[in-house]
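Taken together, the values in this text are just the output of simple stated rules run on the coordinates, not laboratory data. Nothing here was measured: the structure is a model prediction, and the numbers come from that model. Cβ: placed from backbone, ideal geometry, glycine included. Neighbour counts: every protein chain shown.
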Amino acid sequence: MAKAKDNLTPAQRAVIKSVAESALLRKAAGDFAKAAENAAELEKARKTIDRAQAIRDGLNPPPRATKPEKLGPKERRIIPLLRERWPPDGIAPANFDKLTAIKGIGDAFQKRHREEVTRNTILRVIARHILRHARR
């Protein structure tokens with residue numbers, strides 16, 4: 001096979017060579033950046049796995065799942081009514097009748113605070129109150 005005729009000047013060859021070298025350098029730099037990203041991701045994954053294993057083995061406490069829920073003003077005012085209804089701690093028995101509890105607590109709230117409270121609010125406070133005492 002015959003060699004192709006080269007009509008390029010030495011200056012043009014130098015420019016082509018420098019462009020090719022800079023393209024290779026950019027590719028190498030991109031590869032280096034990807035390698036650094038991969039190393040950072042691997043390090044993060046390793047730390048996560050180590051943390052999970054330490055929690056599993058009981059060396060570290062588990063993280064809190066959620067922040068403690070703050071009670072609204074009506075919710076705070078319902079808790080004393082729960083304690084009056086189910087002394088001493090206000091925990092409803094497992095077989096309590098929801099309708100009579102909602103009616104009784106709603107009427108007591110209306111009488112004491114002169115405003116209404118929804119059935120969803122009452123049920124939510126009962127559930128949260130039970131869960132809060134179960135964690136103790």
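Observations
- Shape of segment 73-135, Cα gyration tensor, a/c cut at 1.5: prolate
- Summing Cβ point charges (Lys, Arg +1; Asp, Glu -1) relative to the Cα centre of the chain gives a dipole of roughly 340 debye.
- Total charge dipole magnitude, segment 73-135, about the Cα centre, Cβ charges on Lys, Arg, Asp, Glu only, Debye to nearest 20: 200 debye
- Directionally averaged shadow of segment 9-63, computed from the convex hull of its alpha-carbon atoms, nm²: 4.3 nm²
- Here the gap between A134 and K98, fully extended at 0.36 nm per residue and compared with their Cα-Cα distance, gives a gain of 11.0 nm.
- For the chain, adding -39500 (n - 2.57) for each run of n ≥ 4 DSSP H residues and dividing by the number of residues yields -24000 deg cm²/dmol at 222 nm.
- Expressed as a whole percent, the proportion of Cα-Cα pairs in the chain lying more than 24 Å apart is 64%.
- For F109, F96, order by how many other beta-carbon atoms lie within 10 Å, fewest first: F96, F109
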